[in-house]
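Visitor: Just dropping this structure here.
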Amino acid sequence: MEDVKIIANNKKARYEYFIEDTFEAGMVLVGTEVKSIRQGNVNFRDCYAMIKHEEVYIIGLHISPYEKGNINNVESDRDRKLLLHKSEIRKLIGKIQQKGYSLIPTKLYFRRSKVKIEIALAKGKKMYDKRDDIAKRDAKRQIDIKLKDFKR
């Protein structure tokens, strides 16, 4: 099995969006950002991906400056380019042009010492969809509790 170490998960992604498709992308990082990511100093809040000039950028990903860094530390909220194949970018462009679709990050991890980010093609949920998901989750939890008690 491949060596994968998950650094951060976007837990709200599945609650806020219907996930249609996911893509693995590399990230263009500079300086001490990788060391900071290795320490887990990453925040997905208000983060999304955007396509500019047939290139994909992650916007709003906060990587805290490396504490033992020097003048080479970069701005923590800068836009970072994602590395995807042209065919994947074209597929994303076609889907994004449809109303309601957006690109959101779901996971940040190391694969063979390279930083990878999983972005999802997602469609936003309405409030009633979220309530429905909560109700289903609660019902499943209750059923699991009953089954566990029954097996004893």
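The values are calculated or read from the model by the stated rules, or taken from the named source; none is laboratory data. The structure displayed is predicted, hence computed values, not measured ones. Every residue, glycine among them, receives a Cβ derived from its backbone with ideal geometry; neighbour counts consider all protein chains shown.
Visitor: Test each condition in (1) closer than 26 Å to Val30 by Cα; (2) free of Cβ contacts under 8 Å to residues at least 60 places away in the same chain; (3) charged (D, E, K, R); (4) not in a loop (DSSP other than H, G, I, E, B) for Glu88 and report the one that comes out false.
Guide: (2)
Visitor: Examine the stretch 1-21 for a residue that is modelled with pLDDT of 90 or more, aromatic (Phe, Trp, Tyr) and out of contact with any Pro (no Cβ under 7 Å at 6 or more places or on another chain), and state whether such a residue exists.
Guide: The answer is no; no qualifying residue exists.
Visitor: Sticking with this one: Test Pro105 against the criterion of being touching a helix residue (DSSP H, G or I) at 6+ places or on another chain (Cβ under 8 Å) and over 25 Å from Tyr15 (Cβ atoms), and give yes or no.
Guide: no
Visitor: Are any residues in the stretch 101-116 out of contact with any Lys or Arg (no Cβ under 7 Å at 6 or more places or on another chain), part of a strand (DSSP E or B) and not small (Gly, Ala, Ser), and if so, which ones?
Guide: Hits for the stretch 101-116 are Leu103, Ile104, Pro105, Thr106, Lys107, Leu108, Arg111, Lys114, Val115, Lys116.
Visitor: OK, next. Tell me which residues, restricted to the stretch 16-38, are out of contact with any strand residue (DSSP E or B) (no Cβ under 6 Å at 6 or more places or on another chain) and exposed (fewer than 13 other Cβ atoms within 10 Å of the Cβ).
Guide: Val30
Visitor: Do we find that Ile143 is at pLDDT 90 or above and closer than 30 Å to Ile59 by Cβ in this structure?
Guide: For Ile143, the condition - at pLDDT 90 or above and closer than 30 Å to Ile59 by Cβ - is not met.
Visitor: Related question: Restricting attention to the stretch 47-69, and to residues there that are under 11 Å from the mean Cα position of the chain (by Cα) and part of a loop (DSSP other than H, G, I, E, B), which single residue is nearest to Tyr101 (Cα to Cα)?
Guide: Here the residue is Cys47.
Visitor: Specify the residue that is surrounded by the fewest Cβ atoms within 10 Å (Cβ to Cβ); the eligible residues are those in the stretch 63-114 that are at pLDDT 90 or above and in contact with a Ser or Thr (Cβ under 9 Å, 6 or more places away or on another chain).
Guide: Filtering the stretch 63-114 for residues that are at pLDDT 90 or above and in contact with a Ser or Thr (Cβ under 9 Å, 6 or more places away or on another chain), the one surrounded by the fewest Cβ atoms within 10 Å (Cβ to Cβ) comes out as Lys107.
Visitor: Condition first: assigned to a strand (DSSP E or B) and either touching a Leu at 6+ places or on another chain (Cβ under 7 Å) or not hydrophobic (A, V, I, L, M, F, W, C) (or both). Now tell me which residues in the stretch 121-135 satisfy that.
Guide: Across the stretch 121-135, the qualifying residues are Leu121, Lys123, Gly124.
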